[in-house]
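Trainee: Sharing a structure, written as structure tokens. Questions coming.
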Amino acid sequence: MRVAIAGAGKVGTAIASDLNDAGHDVLVIEVDPDVVANVRPTVPVTWVEGDACEMSTLRKAEVDKADVMVAATGDDEDNLVVSLLAKTEFAVPRVVARVNHPKNRWLFNETWGVDVSVSTPNILTALVEEAVSVGSLVRLLQFEGGGARLVEVTLADDSPAMGKPLAELSLPREASVVAVVRNRRVVVPRGDTVMSMGDEVVVLVTGESEDQVKWLFVGGQPSAAS
């Protein structure tokens, strides 16, 4: 997989290093020549010096050949511009953007070419909630482009799903259980997987199916649409 990354700060270089170690073809675009000089020896990927918000730089980097564009600079405006150009001008199939300030997250959507937005403060908040909120549905990750999101619920002893196999839960068609974490081990969910107290259930949902999924795993009253 070919990945282009805009920004060689701590986030960008960490992503580049990890993806390179995993065997991917990685290219990093960085406007500051001093940063390029300092980081290039420790991160053995392809480097392009220039402003990722400029069409000429993106052409030089051959972003049109990338499978994924990662806008990872420390400036939200730059990340939005990079995302928009990557999607609309270079038709990059998948654009992932870093959100530096949570108040700006509403901007990071398909209008700006963003398929997935990642906000570290929001993720940390979700992880804190996930750690302490048994019996509550917690949003882990939002996929802006398709309106889908990952949610997690740790089953309480009064969960409606307790003791039932997945096949009997009547999940909506727009939702899918992607993992069950039980006793610190990942269980691949199947139709005959029986739900137990303390299971951490990770579900891919849409806005239309989230309420029904919450009702199935947490309880309460289903929404009118359910």
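Trainee: Which of the residues that make up segment 90-127 are modelled with pLDDT under 90 and surrounded by fewer than 12 Cβ atoms within 10 Å (Cβ to Cβ)?
Mentor: Correct list: 101, 103, 106, 124.
Trainee: How many residues are surrounded by fewer than 15 Cβ atoms within 10 Å (Cβ to Cβ) and either assigned to a helix (DSSP H, G or I) or not assigned by TED's automatic domain parsing to the domain that holds residue 27 (or both) if we restrict to segment 51-73?
Mentor: Residues in segment 51-73 being surrounded by fewer than 15 Cβ atoms within 10 Å (Cβ to Cβ) and either assigned to a helix (DSSP H, G or I) or not assigned by TED's automatic domain parsing to the domain that holds residue 27 (or both): 6 in total.
Trainee: Only one of these is of a type in the set (A, V, I, L, M, F, W, C) and touching a helix residue (DSSP H, G or I) at 6+ places or on another chain (Cβ under 6 Å): 153, 194. Name it.
Mentor: 153
Trainee: Under 8 Å between Cβ atoms, at least 6 apart or on separate chains: pull out the pairs that start in segment 15-31 with a residue that is in the same structural domain as residue 54 (by TED's automatic domain parsing) and end on any residue that is of a type outside the set (Val, Ile, Thr) and assigned to a helix (DSSP H, G or I).
Mentor: Pairs that qualify, where the first residue is in the same structural domain as residue 54 (by TED's automatic domain parsing) and the partner is of a type outside the set (Val, Ile, Thr) and assigned to a helix (DSSP H, G or I), are 26/16; 26/19; 26/20; 28/12; 28/16; 29/58; 30/12.
Trainee: In this structure, does residue 180 turn out to be buried (at least 18 other Cβ atoms within 10 Å of the Cβ) and either in a strand (DSSP E or B) or without any contact (Cβ under 8 Å) to a residue 24 or more places away in the chain (or both)?
Mentor: Criteria met by residue 180.
Trainee: What number goes with the only condition from (1) of a type outside the set (Lys, Arg); (2) in contact (Cβ under 8 Å) with a residue 12 or more places away in the chain; (3) assigned to a loop (DSSP other than H, G, I, E, B) that residue 205 does not pass?
Mentor: Evaluating residue 205 over (1) of a type outside the set (Lys, Arg); (2) in contact (Cβ under 8 Å) with a residue 12 or more places away in the chain; (3) assigned to a loop (DSSP other than H, G, I, E, B) leaves (3) as the failure.
Trainee: Being within 20 Å of residue 219 (Cβ to Cβ), without any contact (Cβ under 8 Å) to a residue 60 or more places away in the chain and in contact with a Ser or Thr (Cβ under 8 Å, 6 or more places away or on another chain) is the filter here; which residues of segment 141-162 pass it?
Mentor: If the condition is that a residue be within 20 Å of residue 219 (Cβ to Cβ), without any contact (Cβ under 8 Å) to a residue 60 or more places away in the chain and in contact with a Ser or Thr (Cβ under 8 Å, 6 or more places away or on another chain), then 154, 162 are the ones that fit.
The values are calculated or read from the model by the stated rules, or taken from the named source; none is laboratory data. This one's a predicted model, so the numbers in the text were calculated from it and none came from an experiment. No Cβ is skipped: glycine too gets one built from the backbone with ideal geometry, and neighbour counts run over all protein chains shown.
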